[in-house]
Amino acid sequence: MQTPPAEKAARLPVFAALGIIAAALALADIAPDRTGPGVTCDELYHIGYGKRLVASALTSGCWTTQPDRIRKTYSWTAGGPPVHPPLGNWILGWTHWVFDPEPLDLTVLAITPARFAAALALGILVFLIGRFTAGEQGTAAGAAAAIAVVLMPRLFGHAHLATLDLFTALFCTAAVTTAVEAQRRGDSRLWYALAGVAWGLAMLTRFHGLLVGIPIGIWIIWAAERRRATAFILWASVGLIVFFLGWPWLWIDPLGNLRLYVIGSTLRTPIHTFYLGRIWDDVAVPWHYPWVLFTVTIPVGLLLLGALGVWGAFPRRAGLSKSVEARLVRWNFPHLFLRRAGFSRSVEAASHENIAGREQASPLGRGWWLVLGTIVFFLVLFSAPRVPVYDGERLLLPVFPLWAVFVGIGAKRLVD
């Protein structure tokens, strides 16, 4: 059932308000010299990188094609941090620049101004998740999903830090949701192109963006109802073009620098991870580490609502599901009670209508498969042998807002 345009427009202020509230809650507590989190080592690196990008743009222009200038601006040294794409650092750099008294002095850094960007990213993420979930499940489900994003402690916590983690979650989520939106809109070429732009921005943020393209690409080939090859080629080509154009460092030596980017994390010293009472190298962490971190860092209520949402998001085609529901219609206590009161036919008719309505209530079953598949993909990937895993839930952060989608669906199902 298509939502009337007027109803869609009426939802936007609701989710915009929730996003503004979420950003304000994060902004209220970001100063490290007051009650905000202390300074992290990654913040100093990424803010410094961002300021170097902005200073270069102010002195020589954002799109300089001079190889020497590009090498200096996007410098990378062997043995240092892995190569990072520039988008998240651009965002941090420009946010820092707004409050920077010495924009060209690379030795002057301020933590609090750059943290504004992460708080604003949380607000945008809340809006995005709410609007996406409401697209098929209604305003109540969208609002519940949006609120769930704020209620997840690790997402809310990362909104207080000037690092790439929340930007990674935001752009990976955007890449997934815009691909689903393209299928919602009848395999719209425009929306597949927009999905490619979102994927390109995700790739320009962190290596996760490249990874999230795997489930999205597979899903597009499977889910597109017409012109599957066209949809996939359009999405992939736009994404790769955005990725290449947005990272001048690739222009110097496209294949060589791309290879360095892909294998960069294997060229550094292993990061130690504390887990189950001992210290592990990041490539030797037990396989269950991401699954445990996922389940223990999400509040129990949100886990249960999300599980209920997973069950309720997909159309049930199997005869077993229908037979179970039919038995519930005939045998459960309220029906027995009402039958004695003489309302048997009306109650059974209403119940069968409810079942039929719920069977038709998930026309986006294919879209939910991408949301769930992306969650499982990242969890399985970081469970694989020799894959570096470290710093708690940081590398898993993109799965949290996607789980919030199912929390919203589960909340609606519980109320219904």
Quiz item: Only one residue in PHE378, PHE343, PHE333 is at pLDDT 50 or above and not assigned by TED's automatic domain parsing to the domain that holds ALA134, so which one is that?
Solution: PHE378
Quiz item: Within the set of pairs 6+ apart or on separate chains, which have a first residue in the range 382-407 that is charged (D, E, K, R), a second that is part of a helix (DSSP H, G or I), and C-beta atoms under 6 Å apart?
Solution: GLU393/ARG154; GLU393/LEU293; GLU393/THR297; ARG394/ASP165
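Go through PHE167, PHE156, PHE207, PHE171 for me and flag whichever is within 25 Å of ALA117 (Cα to Cα) and modelled with pLDDT under 95.
It is PHE207.
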Self-check item: Matching residues, the range 120-160, being over 15 Å from the mean Cα position of the chain (by Cα) and either without any contact (Cβ under 8 Å) to a residue 12 or more places away in the chain or buried (at least 24 other Cβ atoms within 10 Å of the Cβ) (or both)
Solution: ALA134, GLN137, ALA141, GLY142, ALA144
Quiz item: Are there any pairs, at least 6 apart or on different chains, whose C-beta atoms fall under 9 Å, with the first in the range 225-248 and more than 17 Å from CYS172 (Cα to Cα) and the second exposed (fewer than 13 other Cβ atoms within 10 Å of the Cβ) and of a type in the set (Ser, Thr, Tyr), and if so, which?
Solution: PRO248/THR65
Quiz item: If you go through the range 281-296 one residue at a time, do you hit one that is farther than 21 Å from VAL380 by Cβ and modelled with pLDDT of 90 or more?
Solution: no
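When the residues of the range 34-72 are narrowed to those that are in a loop (DSSP other than H, G, I, E, B) and in contact (Cβ under 8 Å) with a residue 40 or more places away in the chain, which ends up surrounded by the fewest Cβ atoms within 10 Å (Cβ to Cβ)?
First, pick out the residues of the range 34-72 that are in a loop (DSSP other than H, G, I, E, B): 34-40, 61-66.
Restricting the remaining residues to those that are in contact (Cβ under 8 Å) with a residue 40 or more places away in the chain gives 36-37, 39-40, 63-65.
Values: GLY36: 18, PRO37: 16, VAL39: 16, THR40: 14, TRP63: 8, THR64: 15, THR65: 10.
Across the range 34-72, the extreme among qualifying residues is TRP63.
Out of the residues in the range 121-171 that are among the small types (Gly, Ala, Ser) and in contact with a Lys or Arg (Cβ under 6 Å, 6 or more places away or on another chain), state the one that is farthest from GLY213 (Cα to Cα).
ALA140
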Exercise. Select from the range 19-29 the residues that are hydrophobic (A, V, I, L, M, F, W, C) and within 22 Å of the chain's Cα centre (by Cα) and list them in ascending order.
Key: ILE20, ILE21, ALA22, ALA23, ALA24, LEU25, ALA26, LEU27
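May I ask you to verify whether ASP105 is free of Cβ contacts under 8 Å to residues at least 24 places away in the same chain and assigned to a helix (DSSP H, G or I)?
Taking the combined requirement at face value, the residue does not satisfy it.
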Practice problem: Determine whether the range 394-409 contains at least one residue that is surrounded by 22 or more Cβ atoms within 10 Å (Cβ to Cβ), under 14 Å from the mean Cα position of the chain (by Cα), outside any helix (DSSP H, G or I) and at negative phi. | Solution: yes
Quiz prompt | Residue that is nearest to ILE375 (Cα to Cα), among those in the range 215-234 that are surrounded by 14 or more Cβ atoms within 10 Å (Cβ to Cβ) and among the small types (Gly, Ala, Ser) | solution = GLY217
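Would you confirm, using the coordinates I've provided, whether VAL212 is among the β-branched types (Val, Ile, Thr), within 24 Å of HIS46 (Cα to Cα) and surrounded by 20 or more Cβ atoms within 10 Å (Cβ to Cβ)? Even if it seems obvious, please write down each step before you answer.
Details: among the β-branched types (Val, Ile, Thr): yes; within 24 Å of HIS46 (Cα to Cα): yes; surrounded by 20 or more Cβ atoms within 10 Å (Cβ to Cβ): yes.
Judged against the criteria, VAL212 is a match.
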Exercise. Could you please find all residues in the range 255-292 being part of a loop (DSSP other than H, G, I, E, B), of a type in the set (A, V, I, L, M) and surrounded by fewer than 16 Cβ atoms within 10 Å (Cβ to Cβ)?
Key: ILE271, LEU276, ALA284
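The values are calculated or read from the model by the stated rules, or taken from the named source; none is laboratory data. Remember, predicted model here, so these are calculated numbers, not experimental data. Neighbour counts are summed over all protein chains in view; Cβ atoms, including those assigned to glycine, are modelled from backbone coordinates with ideal geometry.
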